[in-house]
1. Tell me the trypsin sites (Lys or Arg not before Pro) within the range 7-63 that lie in a loop according to DSSP and have at most 11 other beta-carbon atoms within 10 Å.
2. Once you charge only the Cβ atoms, +1 for Lys and Arg and -1 for Asp and Glu, what is the size of the charge dipole of the chain about its Cα centre, to the nearest 20 debye?
3. At what distance in nm do the modelled label points of MET41 and ASP60 sit from each other, each positioned 7 Å from its Cα along Cα→Cβ?
4. Could you please rank SER23, SER62, placing first whichever residue has the fewest other Cβ atoms within 10 Å of its Cβ?
5. In square nanometres, what is the average projected area of the Cα convex hull of the chain?
6. Which Cα, out of SER24, GLY49, LEU63, lies furthest along the positive dipole direction of the chain (beta carbon charges, K/R +1, D/E -1)?
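Here, each number is a calculation from the coordinates, and none is a lab measurement. Worth saying up front: this structure is predicted, and the values here are computed from it rather than measured. Cβ atoms come from the backbone with ideal geometry, glycine included; neighbour counts cover every protein chain shown.
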Amino acid sequence: MPDLVLWMHDAPPEPPYYATVFSSVKRDPRPGYDAMDEATMRAVTELDGYLGHQVVHQGDRSL
């Protein structure tokens, strides 16, 4: 089975590092969602060890 993780420079970063994965189905209206999402992403980028994030959308679903 092939390796499913692609690391920058072909190697993982030095630990510690964590992955947080969640899925969601969004429905309208979403009062306050965009502001909270922006505040959360701004706060997480300041955590030690933050490597980045990726979001995948398909219709109203996100991962």
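1. Passing sites in the range 7-63 are LYS26, ARG27.
2. Numbers: 5 positive and 10 negative charges, 71 e Å.
It comes to approximately 340 debye.
3. Once both label points are built, they end up 2.1 nm from each other.
4. Details: SER23 8, SER62 13.
The order, fewest Cβ neighbours first, is SER23, SER62.
5. Values: hull surface 24.4 nm².
Seen from a random direction, the Cα hull of the chain projects 6.1 nm² on average.
6. SER24
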